[in-house]
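Let me begin by presenting the structure, written as structure tokens, before commenting on it.
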Amino acid sequence: MSSLKELLRLILTTTLSDRDIERATGRSHNTVNRYRHLARSQSLTWDAMESRSEDELDGLFNRTAGRHVEKQHPDWAWVHAQMQLAGMTLTLLWEDYRRTCPERALAYSQFSHYYRKYLRTLHPTMRQHHAPGEKVFVDFSGKRPSYVDQATGEIIIVELFVGTLGYSNRVFALACPSQQLPHWIHAHVCMFEAFGGVPRIVVPDNLRSAVTKSGRDPVIQRTYLEMATHYGTVILPARPYRPRDKAKVEGSVLIVQRWVLLCLRHRTFFSLEELNHAIAERIEVLNRRPFKKLAGCRHDRFEADERAALLPLPAAPFEQGEWTASQVVPTDYHVALAKHWYSVPFSYIGREVEGRLGVSHVGIYCAGVRIATHRIGAPGGTTTDLAHLPKEHRAYAERTPEHFLAWAEQVGPATLAFVKQQFDRQHPALGLPCCDRLQSLARQYGAADLEATAQRAAAIHSMSEKTLRALLANRRHQARGAANDDAGISLPSHDNIRGGDYFAPKKKEG
């Protein structure tokens with residue numbers, strides 16, 4: 001049925017009959033005739049009526065004495081405040097209101113109607129506009145998919161991660177084993193790779209893997225913040241209990257539940273990879289579905305306007321790691337991370353450090369600066385970098401057969417053969433003191449003289465420490481080559497020297 005203003009416009013500005021206006025407005029021709037007579041009797045014009053509201057026109061044409069008693073409305077702000085009390089009902093408030101003035105009170109149905117109308121004025125919604133490449137909204141779905149473990153037949157329930165770009169509404173979805181931090185980070189890395197770029201802002205919910213402390217000044221989870229820094233984006237969590245802040249992803253989660261999960265409800269999957277492959281196929285179909293109220297689809301809108309606006313992907317994907325609680329470096333300069341002990345430079349004894357457990361390596365940081373890096377070790381073990389030890393500790397730690405053999409190999413083959421001989425016994429550790437003294441000789445006489453002396457000792461078949469010391473002290477290795485040293489010696493002539501003839505056996509006479 002047409003409004004009263006439209007009815008008056010046709011009466012005052014056209015020559016249509018009452019029957020024609022009846023067909024145009026849906027009002028009875030008797031009603032049209034009554035309004036026509038009222039307008040003529042008051043000499044009304046359309047210019048005067050056009051600016052008036054429907055209520056004003058109704059009061060002008062339908063006002064009669066005693067038509068109705070004007071109802072008294074309560075203070076709706078007071079009613080709303082009372083409704084916040086525990087156990088309060090609208091019926092109780094209506095009965096209290098009705099006792100004050102029964103003849104002018106609203107009926108309960110009208111009381112409820114106007115209260116609901118008041119509530120709609122409290123929370124107006126704002127239409128949000130997103131620039132291409134500006135935001136991506138991420139969340140987990142309340143409804144979760146599953147697959148069957150082939151080995152046990154157990155049904156494994158998994159989480160469904162959903163991400164939606166603000167401008168094109170392009171959707172990404174991935175099934176994850178849980179909502180824990182490693183799977184949360186992995187889902188973001190896969191999403192950025194699927195988009196081929198990175199939005200400038202990521203808007204997550206306040207789940208624990210994203211925000212360690214929610215509120216007006218939220219604290220972003222450290223690894224999550226580290227990932228954002230790696231990709232050059234910013235984390236701006238939605239306000240707690242404000243689902244409209246992430247209405248994009250809330251709507252996308254509902255769409256994914258309908259157009260992905262429900263479409264796959266009759267299929268059985270036997271691995272997470274198989275499930276994600278099917279989800280990816282359905283997501284591609286969803287992104288290419290035409291919009292109902294816009295031209296094109298999510299895929300076309302993304303390719304045309306948003307892909308080029310995304311930040312480029314870094315050269316390497318983010319390698320996630322988990323930060324450990326800070327701890328003070330003890331006097332043995334080793335800190336425990338994941339039940340394994342790792343060394344740090346001894347100069348950091350007494351200072352607070354933090355550990356970051358990566359996929360293959362662990363980093364140790366002090367005041368934000370990395371001071372040590374080690375490969376991940378097995379629980380219960382110890383990893384020590386000799387460079388972290390004090391000088392006296394390093395000397396003792398290097399006192400091993402392997403260390404002495406490596407040192408001797410650098411000096412020369414004769415020295416190496418001598419050192420090997422020291423450890424060629426039932427208890428190799430008994431050769432360590434001799435090797436210590438051998439290094440002292442190398443520092444005293446030089447590595448070249450030690451190697452020449454070892455060659456001389458090998459030539460005379462006297463591979464002992466005493467021989468080495470004597471040869472080095474007398475410099476005998478410097479007189480001639482070791483190979484022909486004996487042949488080249490000529491003794492001086494002297495009366496006290498009897499010669500070889502004296503000792504030769506004498507022939508018997510007769």
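The values are calculated or read from the model by the stated rules, or taken from the named source; none is laboratory data. Only a predicted model underlies this, so the values are computations on that prediction, with no experimental measurement involved. Don't worry about glycine lacking a Cβ; one is built from the backbone with ideal geometry, like all the others, and counts go over all protein chains shown.
Would you confirm whether or not segment 108-120 contains a residue that is in a strand (DSSP E or B) and either exposed (fewer than 13 other Cβ atoms within 10 Å of the Cβ) or modelled with pLDDT of 90 or more (or both)?
Looking only at segment 108-120, we keep the residues that are in a strand (DSSP E or B), and these are none.
Scanning segment 108-120, I find no residue that is in a strand (DSSP E or B) and either exposed (fewer than 13 other Cβ atoms within 10 Å of the Cβ) or modelled with pLDDT of 90 or more (or both), so the answer is no.
Does V32 qualify as being β-branched (V, I, T), surrounded by 10 or more Cβ atoms within 10 Å (Cβ to Cβ) and within 55 Å of the chain's Cα centre (by Cα)?
On the way: β-branched (V, I, T): yes; surrounded by 10 or more Cβ atoms within 10 Å (Cβ to Cβ): yes; within 55 Å of the chain's Cα centre (by Cα): no.
Considered against the rule, which asks whether it is β-branched (V, I, T), surrounded by 10 or more Cβ atoms within 10 Å (Cβ to Cβ) and within 55 Å of the chain's Cα centre (by Cα), V32 comes out as no.
Got a sec? Which of A325, A336 is at pLDDT 85 or above, surrounded by fewer than 17 Cβ atoms within 10 Å (Cβ to Cβ) and in a strand (DSSP E or B)?
Values: A325 fails: in a strand (DSSP E or B).
Only one candidate qualifies: A336.
Within segment 85-94, identify whether any single residue is surrounded by fewer than 13 Cβ atoms within 10 Å (Cβ to Cβ) and more than 29 Å from T121 (Cα to Cα), and answer yes or no.
So far as segment 85-94 goes, no, none of its residues is surrounded by fewer than 13 Cβ atoms within 10 Å (Cβ to Cβ) and more than 29 Å from T121 (Cα to Cα).
Just checking, which of E306, E319 is modelled with pLDDT of 90 or more and closer than 17 Å to V198 by Cα?
Working: E319 fails: modelled with pLDDT of 90 or more.
Exactly one of E306, E319 is modelled with pLDDT of 90 or more and closer than 17 Å to V198 by Cα, namely E306.
Working only within segment 1-16, note down all residues that are farther than 14 Å from L44 by Cα and either touching a residue at least 12 places away in the same chain (Cβ under 8 Å) or of a type in the set (A, V, I, L, M, F, W, C) (or both).
Within segment 1-16, M1, S2, S3, L4, E6, L16 qualify.
Regarding segment 409-420, can at least one residue be identified that is at pLDDT 85 or above, surrounded by fewer than 15 Cβ atoms within 10 Å (Cβ to Cβ) and either in the same structural domain as Y348 (by TED's automatic domain parsing) or touching a helix residue (DSSP H, G or I) at 6+ places or on another chain (Cβ under 6 Å) (or both)?
yes
Yes/no matrix, rows are residues, columns are (1) within 29 Å of E70 (Cα to Cα); (2) surrounded by fewer than 17 Cβ atoms within 10 Å (Cβ to Cβ):
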position: S3; (1), (2): yes, yes
position: S17; (1), (2): no, yes
position: A24; (1), (2): no, yes
position: R27; (1), (2): yes, no
position: R52; (1), (2): yes, yes
position: E56; (1), (2): yes, yes
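Just for segment 246-283: of the residues that are buried (at least 16 other Cβ atoms within 10 Å of the Cβ) and of a type in the set (K, R), which one is modelled with the lowest pLDDT?
K246
Filter segment 176-211 down to the residues that are part of a helix (DSSP H, G or I) and not hydrophobic (A, V, I, L, M, F, W, C) and list them by number.
So the first thing to find is which residues in segment 176-211 are part of a helix (DSSP H, G or I), and the list is 181-195.
Once the filter is applied, which keeps residues that are part of a helix (DSSP H, G or I) and not hydrophobic (A, V, I, L, M, F, W, C), segment 176-211 yields P182, H183, H186, H188, E193.
Would you point out which residue out of T373, T331, T383 is in contact (Cβ under 8 Å) with a residue 24 or more places away in the chain, within 43 Å of the chain's Cα centre (by Cα) and farther than 30 Å from R200 by Cα?
Details: T373 fails: in contact (Cβ under 8 Å) with a residue 24 or more places away in the chain; T331 fails: in contact (Cβ under 8 Å) with a residue 24 or more places away in the chain.
When all the criteria are applied, what remains is T383.
Going by the structure shown, is L286 part of a loop (DSSP other than H, G, I, E, B) and surrounded by 13 or more Cβ atoms within 10 Å (Cβ to Cβ)?
no
Under 30 Å from P345 (Cβ atoms), at pLDDT below 85 and not assigned by TED's automatic domain parsing to the domain that holds Y333 - does that describe any residue in segment 422-432?
Taking segment 422-432 first, the residues under 30 Å from P345 (Cβ atoms) are 429, 432.
Checking which are at pLDDT below 85 leaves us with 429, 432.
When the remaining residues are screened for being not assigned by TED's automatic domain parsing to the domain that holds Y333, the result is 429, 432.
Scanning segment 422-432, I find at least one residue that is under 30 Å from P345 (Cβ atoms), at pLDDT below 85 and not assigned by TED's automatic domain parsing to the domain that holds Y333, so the answer is yes.
Can you name the number of the only condition in (1) more than 24 Å from F291 (Cα to Cα); (2) in contact (Cβ under 8 Å) with a residue 12 or more places away in the chain that A173 fails?
(1)
Kindly indicate whether L44 is surrounded by 10 or more Cβ atoms within 10 Å (Cβ to Cβ), over 60 Å from the mean Cα position of the chain (by Cα), modelled with pLDDT of 80 or more and assigned to a loop (DSSP other than H, G, I, E, B).
Numbers: surrounded by 10 or more Cβ atoms within 10 Å (Cβ to Cβ): yes; over 60 Å from the mean Cα position of the chain (by Cα): yes; modelled with pLDDT of 80 or more: yes; assigned to a loop (DSSP other than H, G, I, E, B): yes.
So L44 fits the description; yes.
Is it the case that E22 is at pLDDT below 80 and either out of contact with any His (no Cβ under 6 Å at 6 or more places or on another chain) or in a helix (DSSP H, G or I) (or both)?
Values: at pLDDT below 80: no; either out of contact with any His (no Cβ under 6 Å at 6 or more places or on another chain) or in a helix (DSSP H, G or I) (or both): yes.
Spelling it out, it is not the case that E22 is at pLDDT below 80 and either out of contact with any His (no Cβ under 6 Å at 6 or more places or on another chain) or in a helix (DSSP H, G or I) (or both).
Please find, among R425, R443, the residue that is surrounded by fewer than 17 Cβ atoms within 10 Å (Cβ to Cβ), among the basic types (K, R) and assigned to a helix (DSSP H, G or I).
Working: R425 fails: assigned to a helix (DSSP H, G or I).
Of the residues listed, the single one that is surrounded by fewer than 17 Cβ atoms within 10 Å (Cβ to Cβ), among the basic types (K, R) and assigned to a helix (DSSP H, G or I) is R443.
Looking at (1) surrounded by 15 or more Cβ atoms within 10 Å (Cβ to Cβ); (2) in a loop (DSSP other than H, G, I, E, B); (3) touching a Phe, Trp or Tyr at 6+ places or on another chain (Cβ under 9 Å), which is the one condition that is false for V362?
Among (1) surrounded by 15 or more Cβ atoms within 10 Å (Cβ to Cβ); (2) in a loop (DSSP other than H, G, I, E, B); (3) touching a Phe, Trp or Tyr at 6+ places or on another chain (Cβ under 9 Å), V362 violates only (2).
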